[in-house]
Each structure stands twice: as C-alpha cells, then as structure tokens.
Amino acid sequence: MLKTEERHFAEACASQLLQVANEWEITGKVTTIGTDSARNMIAAARSLPFEHLPCAVSWFAAREWLEYSCEKDSIFCYACRNFGSNKNSTDAFTTTGYNNWRHALSSKEHMKSVALWKERRARSVTGTEISTLVNTAQLERNRTAAIVDIIQFIALNQLPFRGSDDALDARGEVSSGIFLALMDYTLKKDKDLARIFSTIPANATYTSHHIQNEIIEIMSTIITEEIVKDIGEAWYTLKVDGTKDPTGCENVSIVLRYVDTSNTVRKRLVSMATSKQYDAMSLTQLVLAQLRDIGLNTAKVLSQCYDGASVMSGVHGGMQKIMQEELQREVPYVHCFNHQLHLVVVHAMSSDFTLENFFSVCNSLYKYFKKPTVAAVYTGEKLKRLLEQRWTGHLATVTVILKSFGNIVHLLRGIDSTQTSAAEVRMEATGLLKAITQPSFLFIACMTHQILSLLDPPNTALQAKSTDLYTGVRLKRPRNMSHLSDYVVDTTVGHRQKEVEERTGCKRLYFSTLDAVVGEMKARFSVRNSQLVEAPVHLTPRE
C-alpha cells in the first residue's frame, strides 16, 4: 500500500510505479501492470515499458461468469469450464484464456454453458438439485415404507388404528392408539428412521388418519386387481350381504366364489360398498356398478346367493329377480343354507308362546346372574347370552342351565330366604325361582336341548370349507316323521286332572315344536333348489 501526497497525475503515478519496482528489485521481472479503469492510471501504465492489463469492476458486474487466473494471467469462463459439453476443445474460455468479449458473447457454446449454470443455481436455491431429489426420494421411501408396514400389520390383524389423540407428538401415550404406538416403537428400534423423522416438516409426517385411509385404499385396490386378474374369464357366484352402521347407511359386502386356473375353488371379498338406500333396485345397481368398476364381466355371473330377506330373495321385486332382469337371462338364486337353518330354529323356537316365555326366563336368568353381588357367590357354570343373530346361542344357554340347574336353584333359594340381600334382588330371585321350579320348565329345557342338539352337527358341517352344495342339500333334507301321529294323547289315563293336563300340555308342545321344525325345513329347503344343486353332481358322479 503506497501513500503519496502528490496529486494523481499520470506522470506522477508512472514515476511512483517505477520507484516501487526498483525498491522491490523486481524491475526485470515485471511484464504486465494491472490498473483500474481511471484515465490517469491508464495513461500512466501506457507510458511505461510494460504490458497494460486494465481491470474494470463493471466487467465482473456485467459478466458474473468471469474469472481471472493469476497463474496464467488470463481470463476464463466459469460456466464454460464446468458446464461446457465439449471437454476436449481448446476453447479460449476454458483452456488458454480470452481477450475478445465480442466473440465470447456471440459463442453459442458459451451461451449454452451459462444457461446450464444458471439453471443449476436456480435448482440449488429451490432445493431441487438432482442430488437433493435423489436423497429426498430415498428419504420418502424409507419413511413411507415404515408407515405402510405398520398399517398393513394393523389391518391384517383387524386391530383399531387410532385412539383419542391423533397427534404425532402423542405417540407412546396411552390415548394415542395402536398406530402411533407402533410408530413410536419403530422409531426407537430404527435410529436412521428416527433421524429422518426428526428432520421432516411437521406438516409432512404422513401419519394422519387421512393418509392411513388413503394407504388402506391403495392396498385394497392392489389386492382387488390381483383378484380380478385371478378370476380372468371364469364364471363366478355372486354373494351379497349388508348391515347398517350407526349413521343409518347400509354397508354392502360383495363376495365372489369361483374356480381358478388350477381348478381350486376360491372365495374372495372384492368390495365393501356403502349405500343410503336399501331397496332391491338400488342394491342391484350398486352391486353391478361395483363389479364393472373393478373390471369384471357381469355376463360371467353364474348364480347368486343371498339371505332370506324379502328385499334380497323376493321372487317378484327382490334383488335376485331384478338381477336376472338386468342381465337379461336366468341367474339361479340359492338361499344360504346356514342362514336358512338359522331361520328354521328361530321360527320354530318362537312358534309357541310357551317356548317364547321359556327363553324369556332364560334371558332373565342371564341378566340376574350378571349382577356383581350374585355373580360373586355363584359357583356354577357361567350362563350364556341369547344371540338373535346366531341360533347356537339358544343351545348354549339351555346346555348351561341343565348342567348348573342345581347350583342355580340353590343360590336363588339362598337369596330368597336371607334378609341380607337388597329387597329388589330378593324379589327377583323369588320370581325366577318360582318360574324355573315349575315341572314344565325342565321339560322344555330338555326338549329344546334335544332338538337343537340334532341340528347342531349339520350347522357345523354347513360351515366347513369342505362342504359343497350337494352335501348341504343331503344334510338338510327333512326326514319323514309321520309316525309321530301315533303318540297323540286325547283322553285321560287315570291320573289326577292337573297332572293329566300338565302331561298333555307338555306332549302337545313337544309334538307341535317338532311339527314346526319339520314344516320350516320343508318350506325353506324347497325341492326346486335341491334339484338345482343336485344337477351338477351328474357331471362328477360319485360311487
């Protein structure tokens, strides 16, 4: 740094430059002098016996790609050196340096290199560089793979996803639910994944219930596509059932039964649709639309199987009739055998007021023995609850009552005779004790147990995977019970009138119940359906 009190005229500046070169003993080594663009400095440099290299700040301001090499004392282009396509050329801006701006600015290769350089800078600012995109994509794959695995595990095990708190910060809390609990467990086991999660934005965690539902929908689509591919052009049986949810909408399940290319019978759920209307026409249109949407040919519907509700099985306006009209051909309808058997039992067990009263007492016993004060001292087998949806609940209830009848009577008598129990509990015990100690109660219990036990094996067999339709028809074919007419009692046999009336009433109830069962069996397992099912057997005769 040279300080001078002289004015910066050209002669003075040239003199000072020579003086510095002499003092530093570099006069013989200096070849070039670089100055700014001031006129006095340019004039001073030109008056000296050295090459002059003017350096203007405006050059760098107007040409941001410009760079200077002190070693080569030349100017180069950063963009051309780093983004030029021709690496083997001896272009002045990449190898030897340049001093002609007009030719440089008109070079197509130079302009292309500068454009590529600017694009790279723009990508860097917006975070869309190739390296960033690759790393981000890998990060997304690692993160979403863990989330998908958790969702798949919960869905396959039919577990609830969410708790009362859906926030990611609540993971590990009792109220967070299974999804966030498993997410917290996964992050603790996978340190790399935990590090990734610590750097992602709070609005892109992919853990909300909306994302969960979307991933489940994607899984469903993938599975459905595989099922449709497996069905191909095969004929299939259509099975439809529905149930209302708390909002009043009908949730309709669509199941297809078909034979795949390996001659194996398959049964697959292909759709769960929702409808606000439950009339036959709406359900038919919904089912056909679902089949077409997933890519199935509705012309391949071989038969249809529903429950016995009139909206499904009606011969004039039911879904099975409308389905045939829509497809413009006959599509045989088969009522689910197991459901028919359920209806046989339910209707037969409610065919007489005495039977209804019996099961009402059974239900009252179940509720009474659930009271904490009663359950604490009861030593018999736990009573079963009656299930309207499954008739096997009737059999289970009667079986337990017969096995633990002594314990039940003993406890009721003890409560009835003691004053330590609450008045309401004692009053209820007195009423139940009176009801179950009637001779007719035990008779009805034994009778219903015997009848329902006869129907239980076919019920189990009908639910077996190895049972085909033909076997089902043979299991449910009613027997000829006309010989029961020989046991009708219409006169007294010497007993007291009250005993005679009780015995006659029990016999009447016994035979009327059997008649109800046989009548329901004949009505629900029609000859036409039996013949329809037996027809395919001739294609594969058995010995």
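The values are calculated or read from the model by the stated rules, or taken from the named source; none is laboratory data. All values derive from a computational prediction rather than experimental measurement. Please note: Cβ atoms are built from the backbone with ideal geometry, for glycine as well, and neighbour counts cover all protein chains shown. SASA here: full protein model, heavy atoms, side chains in, ligands and nucleic acids out. Shrake-Rupley method; radii C 1.70, N 1.55, O 1.52, S 1.80 Å.
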If you check D169 against the conditions, is it in contact with a Ser or Thr (Cβ under 8 Å, 6 or more places away or on another chain), in a helix (DSSP H, G or I) and of a type in the set (D, E, K, R)?
no
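Quick grid of which residues meet (1) of a type in the set (D, E, K, R); (2) part of a helix (DSSP H, G or I):
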{"position": "E325", "(1), (2)": "yes, yes"}
{"position": "E330", "(1), (2)": "yes, no"}
{"position": "F358", "(1), (2)": "no, yes"}
{"position": "L365", "(1), (2)": "no, yes"}
{"position": "G380", "(1), (2)": "no, no"}
{"position": "V400", "(1), (2)": "no, yes"}
{"position": "R413", "(1), (2)": "yes, yes"}
{"position": "L433", "(1), (2)": "no, yes"}
{"position": "S440", "(1), (2)": "no, yes"}
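Can you tell me which residue is modelled with the highest pLDDT among those in region 238-250 that are under 19 Å from Q304 (Cβ atoms) and open to solvent by 30 Å² or more (accessible area, probe 1.4 Å)?
Here is the first cut: in region 238-250, the ones under 19 Å from Q304 (Cβ atoms) are 238-243, 250.
Remaining after also requiring open to solvent by 30 Å² or more (accessible area, probe 1.4 Å): 239, 241, 243.
Numbers: K239: 92, D241: 88, T243: 84.
My answer is K239.
State whether one or more residues within region 214-236 are modelled with pLDDT under 85 and under 23 Å from the mean Cα position of the chain (by Cα). Show your work before the answer.
Initial filter on region 214-236 (modelled with pLDDT under 85): none.
No: region 214-236 contains no residue that is modelled with pLDDT under 85 and under 23 Å from the mean Cα position of the chain (by Cα).
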Just to be sure before I move on: is V331 farther than 30 Å from Y278 by Cα and either open to solvent by less than 20 Å² (accessible area, probe 1.4 Å) or hydroxyl-bearing (S, T, Y) (or both) in the structure I sent?
no
Every residue from region 225-237 that is surrounded by fewer than 18 Cβ atoms within 10 Å (Cβ to Cβ) and of a type outside the set (V, I, T)
E225, E226, K229, D230, G232, E233, A234, W235
Filter result for T136 (part of a helix (DSSP H, G or I), open to solvent by 60 Å² or more (accessible area, probe 1.4 Å) and at pLDDT below 70):
yes
Exactly one of (1) under 30 Å from D149 (Cβ atoms); (2) touching a helix residue (DSSP H, G or I) at 6+ places or on another chain (Cβ under 8 Å); (3) at pLDDT 90 or above; (4) open to solvent by less than 60 Å² (accessible area, probe 1.4 Å) is unmet by Q304. Its number?
(1)
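Taking the options A10, A45, name whichever one is modelled with pLDDT under 75, touching a His at 6+ places or on another chain (Cβ under 8 Å) and not β-branched (V, I, T). Explain how you work it out, then say what you get.
Values: A10 fails: touching a His at 6+ places or on another chain (Cβ under 8 Å).
Only one candidate qualifies: A45.
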Go through region 255-299 and give me each residue that's among the basic types (K, R), modelled with pLDDT under 90 and in contact with a helix residue (DSSP H, G or I) (Cβ under 7 Å, 6 or more places away or on another chain).
none
A289, sole failed condition from (1) over 30 Å from S421 (Cα atoms); (2) crowded, with 16+ Cβ neighbours inside 10 Å:
(2)
Could you please find all residues in region 188-218 being open to solvent by less than 40 Å² (accessible area, probe 1.4 Å), touching a residue at least 12 places away in the same chain (Cβ under 8 Å) and among the hydrophobic types (A, V, I, L, M, F, W, C)?
L193, I196, F197, I200, I215
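Those residues that are of a type in the set (A, V, I, L, M), within 19 Å of the chain's Cα centre (by Cα) and farther than 14 Å from V301 by Cβ, I need them from region 251-270; list them, please.
Here is the first cut: in region 251-270, the residues of a type in the set (A, V, I, L, M) are 252, 254-256, 259, 265, 269-270.
Filter once more, keeping what is within 19 Å of the chain's Cα centre (by Cα): 252, 254-255, 269-270.
Across region 251-270, the qualifying residues are V252, L269.
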Between a first residue in region 150-166 that is under 18 Å from I223 (Cβ atoms) and a second residue that is open to solvent by 70 Å² or more (accessible area, probe 1.4 Å) and assigned to a loop (DSSP other than H, G, I, E, B), which pairs have beta carbons less than 9 Å apart while being 6 or more apart in sequence or on different chains?
I154/P160
Test: T243 is in a strand (DSSP E or B) and free of Cβ contacts under 8 Å to residues at least 12 places away in the same chain
yes
Criterion violated by L159 - all others in (1) within 19 Å of the chain's Cα centre (by Cα); (2) aliphatic (A, V, I, L, M); (3) surrounded by 12 or more Cβ atoms within 10 Å (Cβ to Cβ); (4) not in a loop (DSSP other than H, G, I, E, B) satisfied:
(4)
